[in-house]
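Here the structure is laid out as structure tokens; the discussion comes afterwards.
What follows is calculated from the coordinates using simple rules that are stated; it is not laboratory data. Worth saying up front: this structure is predicted, and the values here are computed from it rather than measured. When we count neighbours, we look across all protein chains shown, and the Cβ atoms used for this are built from the backbone with ideal geometry, even at glycine.
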Amino acid sequence: MIPTDELALLESRVQRALCSGDDSALRVLGYGEISLVIGWPRESPRWACKRLPTFASSADADAYTETLDAYLEVLDRRGVRVAPTTVRRTAVPDGRLAVYCVQEVLPSDSLAVEVVARGGRTARDLLGGIVDTALEVVDDHVGLDAQLSNWALMEGQLTYFDVTTPLLRGPDGSERLDTEIFLASLPPVLRAPVRRFVLPGIMERYHRPRSVVLDLSANLIKEDLEGWIGTVLAAVEGRVDPPLSDAEVYSDYRSDARTWGLLQAVRRADRLWQRKVRRRTYPFLLPARIQR
Ligand SMILES: Nc1ncnc2c1ncn2[C@@H]1O[C@H](COP(=O)(O)OP(=O)(O)O)[C@@H](O)[C@H]1O
Ligand SMILES: [Mg+2]
């Protein structure tokens, strides 16, 4: 596992990138809605370090870790293979805690996006495997984000790796995760409306098998793999009600792109405001531009 001093060094680079707004000293593997995925060491990454929004206290970090552990356990029980993941934390200068989910870096040719891009039988089997897993595993209690960008083939086996957002509900149907971490990167005035009107819908989608596979299909457009939508729809056929159609996939893609595009635009505007007017450090690294 990544040594403690290396993680502290990585965090200091992140801090420097936040202050300067320049992330070129970091090897960014992915900008998520919640986490920033950094490859470490920069030159030849061994670890994928997924940095969450900072936590105020160690009690909050403990609660997060417990939820993640519970999620990993239930996925294991339901037969989903997950890339080994450990949670690490390191102090931030302002006294808060930076929490990282750390995994080994998977070779890029093992990532599902690349496997499908190579095509053939393996691509078809992989997509079929994701559909089977989503339809078998997802329910009111356990959610999955089954987009292609969250899977890999490890030793030939379908493996899920996007676990930083544990999609787990308690017996009363409420999210186990403190969903405030979704809101941390939004300007304060927007948090209440997003919490109330946007978030419940987003969370619900991950808990309905039909919308999870719809999202998988729609996301193929973003990955430039539209040609594979038919394969997913064929694998889903007869297993969801009402059936999925091409038209629904495209309209879902457009509405999803609008939602996330809007959130991204809001963050950019807030960053500009914080930096130029308030003269503060904006505490997140945003992607340069997301292709939709
Ligand atoms: N263990 C890993 N090895 C290699 N690349 C990874 C790994 N984990 C994540 N990535 C890359 O970073 C992207 C985002 O990571 P992910 O875990 O899906 O988080 P999120 O979608 O919440 O940002 C992935 O699609 C993948 O390209
Ligand atoms: Mg992901």
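Miscellaneous remarks
- Ranking of 216, 75, 262, 186 by count of other Cβ atoms within 10 Å, fewest first: 262, 186, 75, 216
- Every Cα-Cα pair in the chain was counted, and those over 36 Å apart are 14% of them.
- Of the residues 269, 41, 57, the one whose Cα sits farthest towards the positive end of the charge dipole of the stretch 4-277 is 269 (charges of +1 on Lys and Arg Cβ, -1 on Asp and Glu Cβ, taken about the Cα centre).
- If you wrap the stretch 30-91 in the convex hull of its Cα atoms and look at it from every side, the mean projected area works out to 5.2 nm².
- Since only 129, 97, 119 are under comparison, the one whose Cα sits farthest along the positive direction of the charge dipole of the stretch 81-137, derived from C-beta charges on Lys, Arg, Asp and Glu, is 97.
- Rg(Cα)/(2.2 N^0.38 Å) for the stretch 133-292, N = residue count: 1.15
- Restriction of the GluC sites (Glu not before Pro) in the stretch 1-75 to DSSP coil positions whose beta-carbon has at most 16 other beta-carbons within 10 angstrom yields 33, 43.
- Span-like helix ranges in the chain, DSSP H, alpha carbon extent 15 angstrom or more, Kyte mean at least -0.5: 4-20, 58-77, 120-137, 209-222
- Ellipticity estimate at 222 nm from DSSP helix runs (n ≥ 4, -39,500 (n - 2.57)) divided over the chain, nearest 500: -14000 deg cm²/dmol
- In the distance distribution for the stretch 71-114, Cα-Cα pairs more than 12 Å apart total 72 percent.
- Here the stretch 4-277 is treated with +1 on each Lys and Arg Cβ and -1 on each Asp and Glu Cβ, and its dipole about the Cα centre works out to around 920 debye.
- GluC sites (Glu not before Pro) restricted to the stretch 102-156 and DSSP loop, no more than 10 other C-beta within 10 Å: 155
- At 1.567 mPa s and 4 °C, Stokes D of the stretch 99-198 from Kirkwood alpha-carbon radius, µm² per second: 82 µm²/s
- Sparse-neighbourhood loop sites, trypsin sites (Lys or Arg not before Pro) in the stretch 181-217 - DSSP loop, at most 15 other Cβ within 10 angstrom: none
- In the chain, a dipole from Cβ-located charges (positive for Lys and Arg, negative for Asp and Glu) runs towards its positive end, and of 233, 193, 203 it is 193 whose Cα lies farthest in that direction.
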